[in-house]
Amino acid sequence: MLGIKDMNSNFLKVLNQQSAEHTPIWLMRQAGRYLPEYRKTREQAGSFLNLCKNPDLATEVTLQPLRRFALDASIMFSDILVIPEAMGMHLYFSDGEGPKFTNPLQSSLDVDALKVIEPDFDLAYVMQLIRNLKQELPQNIPLIGFSGSPWTLACYMIEGGSSKNYEKIKTWVYSHPQQLHNLLDKVSIAVADYLVAQIKAGVDTIMLFDSWGGVLSEAKFIEFSHAYLAKVLQRIQLSLPANKTPSIVFTKGGGVWLEQLDQLKCNALGVDWTIDIGKARAQTSKVIQGNLDPVMLSVANHSIIKTEVSRIIQAYREANAGDLTGHIFNLGHGILPSAKLDNVSALIDAVHELSQR
């Protein structure tokens with residue numbers, strides 16, 4: 001059954017496999033550095049981590065893109081690495097280099113030393129952010145909560161930051177698989193419990209970002225990423241048996257594994273720009289989210305953007321028996337800091353215009 005808010009939200013209607021007035025659109029990282037007002041708030045906070053941990057400022061930056069653009073959903077402003085930090089790892093953000101851990105995991109002893117988190121206490125600032133946003137958001141704009149997937153978090157925890165070749169964690173994959181399974185089990189519990197707390201705090205949807213699942217071979221993806229996505233979703237269902245909060249799973253580079261991802265107990269699958277959305281539609285019964293190349297918002301003009309939006313919508317329509325139900329428009333990954341504001345407006349307008357029912 002859809003609630004009052006669902007009935008006013010095209011985004012939630014689509015997630016529940018219902019017909020909507022138009023294809024809904026939101027953008028991964030829609031609150032971010034491409035917005036001048038975000039950069040001012042980030043400067044006020046003093047650091048990215050301070051911004052994440054200040055519920056009032058995080059509320060402000062979450063709301064900023066909604067003031068500019070006719071988006072159909074909001075995603076809370078936070079970072080996937082707040083979980084490993086809460087588990088006892090020392091996180092900092094280096095300008096131009098992204099997130100870093102001063103104490104990356106090197107052994108089973110390091111895994112054993114990780115703290116079992118209590119989300120309402122260890123991540124209380126996120127729960128306060130959610131409560132703030134539930135008071136501030138318009139009635140027709142649902143709130144998306146999120147976490148990184150266990151595999152993606154493990155990549156950062158072992159590599160110590162971003163990586164080109166993932167040699168450190170792949171050493172665990174090939175030489176110490178049981179050690180890695182022990183870590184992933186521990187992280188899966190933390191991720192599931194964190195998402196349960198978000199649901200209890202009031203988010204309307206949850207999303208799992210498997211940002212680095214695509215760096216694995218198919219067999220290793222099934223063993224070390226897919227299996228733990230399934231465990232997270234199962235633990236959430238066991239913790240909240242009456243829960244009807246819809247869920248989205250996004251594996252960057254995962255278009256080749258849609259048939260396997262379709263087996264997950266989630267409502268929607270995100271796809272990046274490397275797979276045709278019509279082909280994606282044919283491989284899963286779930287709602288599909290995607291899949292414009294984010295670089296287009298930095299380098300293309302309005303006409304080219306509208307042409308590409310038209311192509312994506314038409315490809316989806318043709319693969320779905322002439323129907324646009326079951327599609328959420330998004331980028332194939334996060335919006336870039338170089339994105340032009342007028343291009344973002346043009347994108348949203350094109351999606352709404354070209355998908356009017």
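Could you check segment 1-86 for helices (runs of 4 or more DSSP H) lying wholly inside it with 1 or more residues that are modelled with pLDDT of 95 or more? Quick ask: steps written out before the conclusion?
On the way: elements: 4-8, 10-15, 36-45, 48-53, 55-68, 82-86.
Filter on segment 1-86 gives 10-15, 36-45, 48-53, 55-68, 82-86.
So, in segment 158-181, of the ones that are of a type in the set (S, T, N, Q) and out of contact with any Gly (no Cβ under 8 Å at 6 or more places or on another chain), which residue ends up nearest to S94 (Cα to Cα)?
Filtering segment 158-181 for residues that are of a type in the set (S, T, N, Q) and out of contact with any Gly (no Cβ under 8 Å at 6 or more places or on another chain), the one nearest to S94 (Cα to Cα) comes out as S163.
Quick one: which of V173, V196, V191 is touching a helix residue (DSSP H, G or I) at 6+ places or on another chain (Cβ under 7 Å) and surrounded by 23 or more Cβ atoms within 10 Å (Cβ to Cβ)? Give the derivation first.
Numbers: V173 fails: surrounded by 23 or more Cβ atoms within 10 Å (Cβ to Cβ); V196 fails: surrounded by 23 or more Cβ atoms within 10 Å (Cβ to Cβ).
Of the residues listed, the single one that is touching a helix residue (DSSP H, G or I) at 6+ places or on another chain (Cβ under 7 Å) and surrounded by 23 or more Cβ atoms within 10 Å (Cβ to Cβ) is V191.
For segment 170-181, indicate whether the set of residues that are assigned to a helix (DSSP H, G or I), in contact (Cβ under 8 Å) with a residue 40 or more places away in the chain and in contact with a strand residue (DSSP E or B) (Cβ under 7 Å, 6 or more places away or on another chain) is non-empty.
no
Which of the residues spanning segment 143-167 are farther than 21 Å from L264 by Cβ, crowded, with 17+ Cβ neighbours inside 10 Å and not aromatic (F, W, Y)?
Within segment 143-167, L143, M157, I158, E159, G160, G161 qualify.
Let me spell it out: the conditions are (1) closer than 20 Å to L12 by Cα; (2) part of a helix (DSSP H, G or I); (3) of a type in the set (S, T, Y), and S310 meets all of them except one. Which number is the exception?
Failing condition for S310: (1).
Tell me the residue from L269, L195 that is in a helix (DSSP H, G or I), of a type outside the set (G, A, S) and either within 17 Å of W26 (Cβ to Cβ) or in the same structural domain as S163 (by TED's automatic domain parsing) (or both), please.
After applying the criteria, what remains is L195.
How about segment 321-345: which of its residues are over 23 Å from the mean Cα position of the chain (by Cα) and on the phi < 0 side of the Ramachandran plot? Even if it seems obvious, please write down each step before you answer.
In the first step, residues of segment 321-345 are kept if they are over 23 Å from the mean Cα position of the chain (by Cα); the result is 321-323, 342.
The answer is D323, D342.
Sort out which residues of segment 105-119 are over 25 Å from the mean Cα position of the chain (by Cα) and either surrounded by 17 or more Cβ atoms within 10 Å (Cβ to Cβ) or assigned to a loop (DSSP other than H, G, I, E, B) (or both), and write them in order of number.
Those that are over 25 Å from the mean Cα position of the chain (by Cα) and either surrounded by 17 or more Cβ atoms within 10 Å (Cβ to Cβ) or assigned to a loop (DSSP other than H, G, I, E, B) (or both): Q106, S107, D110, V111.
Within segment 88-95, is even one residue among the charged types (D, E, K, R) and either surrounded by fewer than 19 Cβ atoms within 10 Å (Cβ to Cβ) or assigned to a strand (DSSP E or B) (or both)?
yes
The values are calculated or read from the model by the stated rules, or taken from the named source; none is laboratory data. Computed from a prediction, not measured in an experiment: that's the story for all the values here. Quick reminder, even Gly has a Cβ in these numbers, built from the backbone with ideal geometry, and neighbours come from all protein chains shown.
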